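First the structure, in the form of structure tokens, and then the observations on it.
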Amino acid sequence: MMNEEGLGTTILQVGIVVQDIEAKAQAWAEVLGLPVPEIIVTGTYERAQTEHKGKPSNARAKLAFFHLGQVDLELIEPDGNPSTWQDQLDEHGDSLHHIAFEIAGMSERVAYLEAKGLSLVQRGEYPGGRYAYIDGKAQLGAILELLEND
């Protein structure tokens, strides 16, 4: 559900950065009693138009998604290029990276959160939409991901 102001209440995913996605996907599959999901790779800069801290980045990542009802568990293995994923992995090792919200009006939502003192750390495109990572660690204890699908 989307509010006139604010972020809304639809959480789509919880993201975890990992050093070895194949091993962690296997471990999660065993714990959840599910098959190991397909591991995909994010698009190149030409496709994703990734920006990290306001600068273009060639960052890519391997991703695996466990579909768990309304919320997906997303595993992310960064490729070492500058990204919020790599920052998290370097600082905290395998760890929770973000909580993702479904939104409409990306520019307005980013501006709303920036007005609340949170900062945009990464943005990019994917087939069918766009994402933005907002650093809410100081205020909320977590990075927020905004997902806007066309």
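The values are calculated or read from the model by the stated rules, or taken from the named source; none is laboratory data. The model shown is predicted, which means the values in this text are computed figures rather than measured ones. Cβ coordinates were reconstructed from backbone atoms using ideal geometry, including for glycine residues, and neighbour counts include every protein chain displayed. We work out accessible area using only protein heavy atoms, side chains counted, and drop any ligands, DNA or RNA first. Shrake-Rupley method; radii C 1.70, N 1.55, O 1.52, S 1.80 Å.
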In whole angstrom, the spacing between the Cα centers of the range 103-118 and the range 50-86 equals 20 Å
For the chain, give the share of DSSP beta bridges that are antiparallel, in percent and rounded to the nearest 5; count only bridges with both residues there. 80 percent
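Give me the 1.4 Å probe accessible area per residue for the chain, excluding ligands and nucleic acids, in Å². Working shown, then result.
Numbers: 7880 Å² over 150 residues.
Computed with neighbouring chains in place, this is 53 Å² per residue.
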Under 15 Å, Cβ to Cβ, from Ile99 - net charge with Lys/Arg +1 and Asp/Glu -1: -3
Tell me, rounded to the nearest percent, the portion of alpha carbon pairs in the range 6-54 spaced more than 17 Å apart. 60 percent
Kindly provide log₁₀ I(q)/I(0) values, in the same order as q = 0.18, 0.20 Å⁻¹, from the Debye equation applied to equal alpha-carbon scatterers of the range 31-79. -0.66, -0.75
What does the charge count around Lys62 come to, taking other residues whose C-beta lies under 10 Å from its C-beta (Lys +1, Arg +1, Asp -1, Glu -1)? -3
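Do you know the relative contact order of the chain, to the nearest whole percent, from alpha carbon pairs under 8 angstrom that are 6+ apart? Write out the running numbers ahead of the final one.
Working: 318 pairs, mean separation 39.8, N = 150.
Relative contact order, the chain: 27 percent.
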Could you work out the helix-only [θ] at 222 nm for the chain, with each DSSP H run of four or more residues adding -39,500 (n - 2.57) and the total divided by the number of residues, to the nearest 500 deg cm²/dmol? -7000 deg cm²/dmol
Near Leu32, within a Cβ-to-Cβ distance under 15 Å, what is the net charge of the other residues, with Lys and Arg +1 and Asp and Glu -1? -2
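What do you get for Rg/Rh of the chain when both radii come from the Cα atoms and Rh is the Kirkwood radius?
Details: Rg = 14.9 Å, Rh = 15.7 Å.
A ratio of 0.95.
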